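All remarks here apply to the structure that follows.
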Amino acid sequence: MPIRKARFDVSTLHLAVALDGAGRHPAAWREPGARPGELFTARYWADVTAEAEAGLLDFVTFADALSLQSSSPAAPDERTDQVRGRLDAVLTAARIAPLTRHIGLVPGVTVTHTEPFHISKAIATLDHVSRGRAGLGIQVSGVPHEARHFGRREFPVDETELYGEAADHAEVVRRLWDSWEDDAEIRDVATGRFVDRHKLHYIDFEGRHFTVRGPSITPRPPQGQPLVAAESGILDGSADLVYVGAGDADGARAAVSRITGDPAHVFGDLTVFLDADGPAAASRRARLDALDPTPYADGTAAFTGTPAQLADLLEDWRSAGLTGFRLRPGVIAHDLPAITRSLVPELQRRGVFRRAYEADTLRGLLGLERPASRYARPPAA
């Protein structure tokens, strides 16, 4: 499916926040206000998402995986001094959806061990529940200890295989979203017709990794096609939004140049530690590092400083071809409010961030058109 470039004001910066446990730093759960006893409650996730929405952010992402968190990328680490365990990201987003009105909800899904038919209807359902604010964050996994939860095949598998499977998965999901035309539901009590069966379509996908006939059992999502996002390299050819990591503007520019395909958006990924002055931010991060100096497993760059300094950096990096940023709060209890209550007003003063939500759907917020179903017949002349 061709990806359409976004239509948006080039002066506008897009912002998302990654939500995971108590924050990106492994010692975040030990900070004041971190609420470690509530990390597996709906109230906690509702509160942090509401804070993000109060800051007019485009969307939040919910982290997920198919194994416990680990400081080792290859195996469980048996540690007991870090947060372990997560709620299911899609179900969490669905629980939060009725409690929010504007912000996009993008749960992560590891497609390596998950059937695309299941994911298509889960995200379509989330889009219906949220009235058009759902997205899908595609992840892959090549580690043997996750594969052993399923026992379907031998691991490790090389990246080419994983990425090829992810591309097939995304294509099946997209086709299933299109398998109901927009007006397939008739709901006519007088005639007794609920659905026009001629507007439900077999997708008949046959690929190396999946053979799926369809159609979906869930009517077409309100957005037509919910947002599909992935980290650079996984799904560059067909993602709507790609995340890249970088340490500076030149690194961001190089990362953007390596992207294949033509995604509508490229977001920089950045962990942040924010305070009213630079020394306070550095001191807080040093205190956290003293509690747990474990390096971040995904290698995301980290910024430590003031909201104004971060605003300078975001504007500088945007010149490298980025259309927005996904910020990862080092400590959600501290750094998420610093983003919404200090960084956002600073960006607004500079005229590069919205002052109100201007669309009802996530695609609308990101300047993406609502695509027609690929299976719909063109209107008669």
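The values are calculated or read from the model by the stated rules, or taken from the named source; none is laboratory data. All figures in this text were calculated on a predicted structure; none of them were measured in a lab. Positions of Cβ are backbone-derived with ideal geometry, glycine not excepted, and every protein chain shown enters the neighbour counts.
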Could you check, for segment 209-229, whether at least one of its residues is part of a strand (DSSP E or B), out of contact with any Lys or Arg (no Cβ under 6 Å at 6 or more places or on another chain) and farther than 23 Å from Phe62 by Cβ? yes
Look at segment 76-122 and say how many of its residues are touching a strand residue (DSSP E or B) at 6+ places or on another chain (Cβ under 7 Å) and assigned to a loop (DSSP other than H, G, I, E, B). 1
Among all residue pairs at least 6 apart or on different chains, which show Cβ distances below 6 Å where the first residue, located in segment 212-239, is under 16 Å from Lys199 (Cα atoms) and of a type in the set (A, V, I, L, M, F, W, C) and the second is modelled with pLDDT under 95 and crowded, with 20+ Cβ neighbours inside 10 Å? none
Could you look through segment 46-60, keep only residues that are touching a Leu at 6+ places or on another chain (Cβ under 6 Å) and free of Cβ contacts under 8 Å to residues at least 60 places away in the same chain, and pick out the one that is surrounded by the fewest Cβ atoms within 10 Å (Cβ to Cβ)? Ala46
Filter segment 353-381 down to residues that are of a type in the set (A, V, I, L, M, F, W, C), surrounded by 13 or more Cβ atoms within 10 Å (Cβ to Cβ) and more than 21 Å from the chain's Cα centre (by Cα), then give me how many there are. 2
Please go through segment 240-259 and pick out each residue that is surrounded by fewer than 16 Cβ atoms within 10 Å (Cβ to Cβ), closer than 20 Å to Val272 by Cβ and not charged (D, E, K, R). Gly247
Pairs, first surrounded by 10 or more Cβ atoms within 10 Å (Cβ to Cβ) in segment 147-159, second among the charged types (D, E, K, R), C-beta under 9 Å, six or more apart: Ala147/Arg153; Ala147/Glu154; Phe155/Glu146; Phe155/Arg148; Val157/Glu165
Given the conditions (1) in a loop (DSSP other than H, G, I, E, B); (2) buried (at least 16 other Cβ atoms within 10 Å of the Cβ); (3) charged (D, E, K, R), every one holds for Asp168 apart from (1)
Those residues of segment 130-146 which are closer than 25 Å to Leu366 by Cβ and either buried (at least 18 other Cβ atoms within 10 Å of the Cβ) or out of contact with any Lys or Arg (no Cβ under 9 Å at 6 or more places or on another chain) (or both), in sequence order: Ser130, Gly132, Arg133, Ala134, Gly135, Leu136, Gly137, Ile138, Gln139, Val140
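Can you pull out the residues in segment 171-188 that are at pLDDT 95 or above and either over 15 Å from Gln225 (Cβ atoms) or in a loop (DSSP other than H, G, I, E, B) (or both)?
Answer for segment 171-188, where residues must be at pLDDT 95 or above and either over 15 Å from Gln225 (Cβ atoms) or in a loop (DSSP other than H, G, I, E, B) (or both): Ser179, Glu181, Asp182.
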Looking at Ala89, Ala63, Ala94, which is the one that is surrounded by 20 or more Cβ atoms within 10 Å (Cβ to Cβ), free of Cβ contacts under 8 Å to residues at least 60 places away in the same chain, within 25 Å of Glu231 (Cβ to Cβ) and in contact with a Gly (Cβ under 6 Å, 6 or more places away or on another chain)? Ala89
Taking only segment 229-239 into account, find how many residues are crowded, with 24+ Cβ neighbours inside 10 Å and closer than 18 Å to Ala16 by Cα. 3
Looking at segment 323-352, which of its residues are assigned to a loop (DSSP other than H, G, I, E, B) and buried (at least 23 other Cβ atoms within 10 Å of the Cβ)? Gly330, Val331
